[in-house]
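**Student:** After the structure tokens below, expect a handful of questions from me.
Each value in this text was obtained by applying a stated rule to the coordinates, not by laboratory testing. Keep in mind that this is a model prediction, so the values were computed, not measured. Positions of Cβ are generated from backbone atoms using ideal geometry, with glycine treated the same way; all protein chains shown enter the neighbour counts.
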Amino acid sequence: MGDDLKSRRTVFAGVGAGGLALALTACGAGGDTTAAAPTQSAPAAGAPSAAGGGLASTADIPVGGGKIFADQKIVVTQPTEGDFKAFSATCTHKGCAVTAVENGVIDCACHGSKFKIEDGSVSQGPATEPLAAQEIKVEGDQITLA
């Protein structure tokens, strides 16, 4: 019986280690994206996403803030009245999606990086590179992808 008990322990230990490896693999590959679910609203259902497609009304983008468009992987900000900017919504630190625009910065919840809404530059690391600028057009009260 001693050998039978020992072999059962070996099997359970192997299963436990294998399960742990599987869990760590799952967390390593997709763990950051789960924590990075955008807290800002995505575009309305059926909103165009191709170049030239409508993103939002200018009234949808608060002065001193912004809005994340998860489907297009873009964040649009309005640092000052009537001045609209757009940046990639992918953090330059580890590639997570940015999660919020508040208090004059674009936040990435994965590791705490923050980017300025005026130019996408890093205001708090660990990111060291700015968010990439994106092209948009503002015509009347509509913001579209360029």
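**Student:** Taking amide H positions as placed 1.01 Å from N in the peptide plane, with prolines and chain starts having none, which residues 5 or more places from V101, or on another chain, fall under 5 Å of its amide H?
**Tutor:** Residues meeting the amide H criterion: D107.
**Student:** Pop out the ³J(HN,Hα) list for the range 88-95 in order, Karplus 6.51 cos²θ - 1.76 cosθ + 1.60 with θ = phi - 60°, rounded to Hz; leave Gly and Pro as x.
**Tutor:** Using θ = phi - 60°, the values come out as 4, 8, 9, 4, 7, 7, 9, x Hz.
**Student:** Taking the Cα-to-Cβ direction at T128 and at H111 and moving 7 Å from each Cα, how far apart do the two end points lie in nm?
**Tutor:** 1.1
**Student:** Residues with amide H under 5 Å of S123's amide H, sequence separation 5 or more or different chain, H placed in the peptide plane at 1.01 Å from N; which?
**Tutor:** K114, F115, K116
**Student:** Would you tally the net charge around Q124, using a Cβ to Cβ cut-off of less than 12 Å, leaving Q124 out, and scoring K and R as +1, D and E as -1?
**Tutor:** Residues close to Q124 contribute a combined charge of +1.
**Student:** Amide H of I74: which non-local residues (sequence gap of 5 or more, or other chain) have their own amide H closer than 5 Å, using H built in the peptide plane?
**Tutor:** Result for I74 returns F69, A89.
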